[in-house]
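Enquirer: Let me give you the structure first, and then I'll get to my questions.
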Amino acid sequence: MLEQFKDFINYIKIERGYSENTVQAYSRDLQHFETFLVPRKLPQANRVLITKYIDHLNNHGFAVKTLERKLACLKSFFHYAQGEGYVDNDPTADINLPKTVKRLPKALSMNETTRLLAAPKGETHLVIRDRAILELLYASGLRASEVVSLQMNDLNLSAAFVRCLGKGSKERVVPIGKLALAAIKHYLEQGRPKFPDKKNSALFLDKNGQQLTRRGLWLIIKKYVKQSGIKEKSSPHTLRHSFATHLLEKGADLRSVQEMLGHADISTTQIYTSVSRERLKKIYQKAHPRA
């Protein structure tokens with residue numbers, strides 16, 4: 001990787017406090033851009049080149065979200081590079097992706113959520129762990145990265161809340177309901193002690209006694225989605241969407257949901273009101289005799 005790219009990665013990691021996931025994603029994005037840049041030098045990266053790169057990504061079928069992130073990465077880098085004197089001008093300053101229809105996040109119905117949470121059957125230590133994970137994901141709306149990063153001392157069972165470190169290293173406290181609380185207590189008493197003793201302080205462990213990874217969490221969700229007969233593609237983030245959507249449908253105020261989700265901007269949270277409206281429209285069209 002170019003030294004200027006390395007400097008930027010260190011800058012966003014140390015000075016800006018970007019999350020590890022974002023740092024890794026931006027590192028991959030810059031490495032990918034570098035393959036397109038060579039044999040040109042960085043100062044030769046102009047608006048025409050950046051536009052060609054975006055077209056190249058678009059022609060190779062990258063998802064809109066991936067395109068948005070890659071462009072955001074380049075915009076951040078060249079803004080930094082101009083400030084550091086690596087380039088004279090920012091070639092990304094007036095480049096934007098074509099406007100696309102904003103897709104609503106997928107949320108499970110209440111029936112689907114109930115089936116998913118009931119999917120882990122049995123009392124093995126792995127099943128007990130999985131049940132606690134599913135209940136916590138739906139009860140708290142935590143991101144997958146936040147769940148796997150939880151430490152034992154992040155739990156306050158007597159006060160029924162969990163503390164987590166979100167994007168930008170921002171700490172927040174989220175309440176957890178009685179069913180999730182019961183599942184976590186059962187895991188701590190009957191499940192976690194049966195994992196190999198690695199002296200690990202992480203809350204959720206894998207079968208080897210190491211901290212559970214995001215991929216491990218994704219595979220757990222995938223397994224129980226299949227078992228519960230849910231047809232739609234689902235992920236840990238689906239339970240986060242369901243958490244927010246169901247709260248708003250039951251009358252929770254937007255600001256409270258924003259705080260629990262850890263959104264810096266309330267406009268990010270407002271998309272869930274659209275989800276609720278879309279669901280209401282479907283119910284109305286299905287049920288009303290003159291819809």
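FYI, it's all coordinate maths here, none of it is from the lab. Quantities reported herein were computed from a predicted structural model and do not represent experimental measurements. Positions of Cβ are backbone-derived with ideal geometry, glycine not excepted, and every protein chain shown enters the neighbour counts.
Enquirer: Please list, short to long, the whole-number percent of alpha-carbon pairs of the stretch 187-244 in consecutive 5 angstrom bins beginning at zero.
Expert: Per 5 Å bin, starting at 0, the Cα pair percentages come out as 4, 16, 22, 19, 18, 14, 7, 1.
Enquirer: What angle do you read, to the nearest 10 degrees and between 0 and 90, between the alpha-carbon axis of helix 64-84 and the longest principal axis of the chain?
Expert: With both axes taken from Cα atoms, the answer is about 50 degrees.
Enquirer: Taking the stretch 164-211 on its own, what percent of its Cα-Cα pair distances exceed 15 Å?
Expert: Tail of P(r) above 15 Å: 58 percent of Cα pairs.
Enquirer: Run the helix sum for the chain: -39,500 (n - 2.57) per DSSP H stretch of 4+ residues, divided by residue count, reported at 222 nm to the nearest 500 deg cm²/dmol.
Expert: It lands at -17000 deg cm²/dmol.
Enquirer: Given springs between every Cα pair under 10 Å in a Gaussian network model of the chain, which of Tyr138, Tyr224, Tyr11 has the largest fluctuation?
Expert: The residue that fluctuates most here is Tyr11.
Enquirer: A follow-up question, please. Where does the stretch 3-84 land on Rg(C-alpha)/(2.2 N^0.38 Å)?
Expert: Against the compact-globule rule of thumb, the ratio is 1.06.
Enquirer: If packing is taken as the average number of other Cβ atoms within 10 Å across a peptide's residues, how do 213-219, 201-207 rank, most packed first?
Expert: Top to bottom by mean Cβ count within 10 Å: 201-207, 213-219.
Enquirer: Can you figure out the FRET efficiency of Val48 with Glu84, using R₀ = 35 Å and their beta-carbon distance, to the nearest 0.05?
Expert: 0.95
Enquirer: For Lys223 and Ala72, calculate 0.36 nm times their separation in residues minus their Cα-Cα distance, and state this gained length in nm to one decimal.
Expert: 51.0 nm
Enquirer: How many nm is it between the label spots at Ser109 and Ser235, if each spot is 7 Å from the Cα in line with the beta carbon?
Expert: About 2.4 nm separates the two model spin labels.
Enquirer: Another question about this same structure. In what order do Phe8, Phe62, Phe33 fall by count of nearby beta-carbon atoms within 10 Å, going from fewest to most?
Expert: Ascending Cβ contact count within 10 Å gives the list Phe62, Phe33, Phe8.
Enquirer: What order do you get for Glu171, Glu135 when you list them from fewest to most C-beta neighbours inside 10 Å?
Expert: Lowest to highest Cβ neighbour count: Glu171, Glu135.
Enquirer: Can I ask one more? In nm, to one decimal, how far is the Leu126 label point from the Ala93 one, both placed 7 Å along Cα→Cβ?
Expert: Each label point is offset 7 Å from its Cα along the Cβ direction, giving 5.7 nm.
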